[in-house]
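Everything below concerns the one structure shown next.
Each value in this text was obtained by applying a stated rule to the coordinates, not by laboratory testing. In this text the structure is predicted, and so the values were computed from the model without any measurement. Neighbour counts run over all protein chains shown; Cβ positions are idealised from the backbone, glycine included.
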Amino acid sequence: MVYELPLPELTYLLESWGEPAYRAKQIWQGLYQNFWHAPEQFTNLPTSLRDRLGQALRFDAITPSKTLTSSDGKTVKTLFALLDGQAVEAVLMKYDRRRTLCISTQVGCAMGCVFCATGQMGFKRHLSSGEIVAQVMHYARLLAEGGEQVTNVVVMGMGEPFHNYENTMAAIDRLNDPQGYNFGARRFTISTVGLVPLIQRFADEKRQVNLAVSLHAADDALRSSMMPVNRKYPIDDVLAACRDYIEKTGRRVTFEWALVDGVNDTPEQARLLAAKLKGMLCHVNAIPLNPTTGYSGQPTSRQRAEQFKAILEQSGIPCTIRMRRGIEIQAGCGQLAAPALVGRN
Ligand code: SAH
Ligand code: SF4
């Protein structure tokens with residue numbers, strides 16, 4: 001698959017065909033600057049080379065098979081069919097001048113967070129780096145047609161990116177390439193469920209990519225009941241890894257919190273969270289739960305959300321309450337579950 005190769009490997013392949021190195025650059029620019037996605041579009045190449053390229057590398061490893069647009073037109077969800085019959089979803093959010101993509105890294109997820117639609121479907125497989133890159137290129141092309149560009153990419157779609165660490169980072173590096181798409185590392189945000197060894201690795205690599213960590217509860221009993229991974233990596237270990245990350249990189253961490261009515265939106269949870277985060281370079285993103293079929297929890301009211309935020313802010317912890325967006329097309333946080341969509345329609 002063509003998006004699977006970094007430029008040096010593409011160059012190597014072209015050289016093995018007896019082609020000059022500049023041909024690889026032409027293909028690279030066609031892919032990542034013109035967003036061409038079929039061999040026929042590379043009209044700057046001799047026909048024989050175009051044919052050979054099409055025979056050697058797949059250009060259609062992810063195919064948009066369905067698109068849903070929210071009634072306000074601001075959220076667009078695309079279902080992509082993969083070559084093995086699996087499917088994943090990605091979401092484009094158009095708010096103000098931002099054009100934010102939410103992309104997937106796995107089909108399903110092995111982490112089993114009880115409130116999450118992707119978790120409820122279980123783990124199917126990792127996406128390859130090319131399948132991750134291709135999601136971004138799809139939307140880059142779509143936006144370019146209207147004279148627009150992707151401004152931010154959040155790795156918060158289906159799957160746990162740190163469980164598929166290598167492919168996720170390879171995809172980011174490829175999109176980051178100054179000779180290609182040149183998408184700045186700082187415009188990516190990766191969200192993890194809190195896999196401690198990989199937070200440590202990410203810290204050591206000193207990447208410029210923003211880090212978000214899903215907390216959702218401030219004590220181990222509650223967190224384990226919502227997120228089974230907490231039994232392996234308890235909250236204090238996660239926070240220690242985050243402190244280490246902040247120290248090594250000087251970068252702020254975002255903590256995510258899906259507010260569930262009567263479960264984790266209580267003043268006690270807010271106070272405990274404030275105590276645990278005290279003095280950290282961090283920010284809390286709280287979002288009323290997006291209901292999913294496999295979980296009985298309900299979203300917090302705005303009033304309770306504001307109360308939660310106020311308690312954090314009294315302790316000097318910045319907190320934003322985020323809106324629930326794309327809900328009617330099941331494009332909200334944690335609502336992505338491609339097979340359900342395929343099955344329904
Ligand atoms: N696996 C990663 C990233 C994908 S989920 C992670 O868990 O961080 C992206 C975010 O959506 C996470 O913060 C996740 O906890 C949150 N989320 C999952 N299900 C949700 C739901 N039903 N309502 C609100 N947020 C949800
Ligand atoms: Fe996986 Fe993230 Fe969903 Fe948890 S919240 S099941 S880690 S996708």
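For segment 1-47, the spread of Cα positions along the three principal axes, ordered from largest to smallest, is 23, 22, 16 Å. According to the calculation over all Cα-Cα pairs in segment 1-82, the P(r) per 5 Å bin from zero is 3, 14, 22, 22, 13, 9, 8, 6, 3, 1, 0 %. For K276, the lysines whose Cα comes closer than 21 Å to its Cα, not counting residues fewer than 8 places off in the same chain, are K232, K248, K309.
Looking at the chain, the DSSP beta bridges with both ends there are about 50 percent antiparallel. Put in line by how crowded their Cβ is, counting other Cβ atoms within 10 Å and starting with the fewest, M323, M169, M280 read M323, M280, M169.
Quick query: amide H of A110 versus all other amide H atoms, modeled in the peptide plane; which residues come in under 5 Å with a sequence gap of 5 or more or a different chain? Amide H neighbours of A110: E160. Above 13 Å lies some portion of the pair distances; for segment 196-265, what is it as a whole percent of all C-alpha pairs? Tail of P(r) above 13 Å: 63 percent of Cα pairs. Considering only A90, V284, I246, the residue lying farthest towards the positive end of the dipole of the chain is V284, judged by Cα position with unit charges set on Cβ. Over all pairs of different C-alpha atoms in segment 229-345, the reciprocal of the mean inverse distance, the Kirkwood hydrodynamic radius, equals 15.7 Å.
Counting only helical runs of four or more DSSP H residues, what would the 222 nm mean residue ellipticity of the chain come to if each run contributes -39,500 (n - 2.57) and the total is spread over all its residues?
-11000 deg cm²/dmol
Candidate cross-link partners of K66 among the lysines, defined by an alpha-carbon separation under 21 Å and a same-chain spacing of 8 or more, comprise K74, K77, K94, K124. For a label point 7 Å from the Cα of Q179 along Cα→C-beta, name the residues of segment 37-74 whose backbone N is under 18 Å from it. So the set is 45.
Charged neighbours of A170, selected by a Cβ distance under 15 Å, balance to -4 (K, R count +1; D, E count -1). In this simple spin-label model, placing a label point 7 Å from the Cα along the Cα-to-Cβ direction at both A275 and D60 gives a separation of 6.0 nm. Placing a pseudo-label 7 Å from each Cα along the Cα-to-Cβ vector at Q149 and E40 gives an inter-label distance of 3.0 nm. At q = 0.17, 0.18, 0.19 Å⁻¹, what base-10 log of I(q)/I(0) does the Debye formula yield for segment 38-103 when every alpha carbon is treated as an equal point scatterer in vacuo? Log10 I(q)/I(0), no solvent term: -0.76, -0.79, -0.81. Taking 1.567 mPa s as the viscosity and 4 °C as the temperature, the Stokes-Einstein diffusion coefficient of segment 141-298 based on its alpha-carbon Kirkwood radius rounds to 77 µm²/s. Give me the base-10 log of I(q)/I(0) for segment 1-155 at each q in 0.14, 0.19 Å⁻¹, Debye formula, one uniform scatterer per Cα, rounded to two decimals. Values returned for q = 0.14, 0.19 Å⁻¹ are -0.77, -1.20.
Working from the Cα coordinates of segment 139-217, the gyration tensor eigenvalues give, after taking √(5λ), semi-axes of 25, 15, 10 Å in decreasing order. Isolated cysteines of the chain, defined as having no other cysteine beta carbon under 4.7 Å away, are C102, C109, C242, C282, C319, C333.
Note on segment 224-277: Rg/Rh from C-alpha atoms, Kirkwood Rh, equals 1.00. Sites count as exposed loop sites when they are GluC sites (Glu not before Pro), lie in a DSSP loop, and have at most 15 other Cβ atoms within 10 angstrom; the longest stretch of the chain without one is 1-147. Cβ-to-Cβ counts within 10 Å put I235, I103 in ascending order as I235, I103, the fewest first.
Put in order of Cβ neighbour count within 10 Å, fewest first, the listed residues F42, F35 become F35, F42. Simple point charges give the picture: +1 on the Cβ of Lys and Arg, -1 on the Cβ of Asp and Glu, and for the chain a dipole about the Cα centre of about 620 debye. One quarter of the convex hull surface built on the alpha carbon atoms of segment 97-185 amounts to 6.2 nm², the projected area averaged over directions. Quotient of the Cα radius of gyration of the chain and 2.2 N^0.38 Å, N being its number of residues: 1.03.
Projecting the Cα atoms of G262, I235, C102 onto the charge dipole of the chain (Cβ charges, centred on the Cα centre) puts G262 farthest toward the positive pole. Compared with the direct C-alpha span, the chain from T69 to K206 gains 45.6 nm at full extension, assuming 0.36 nm per residue.
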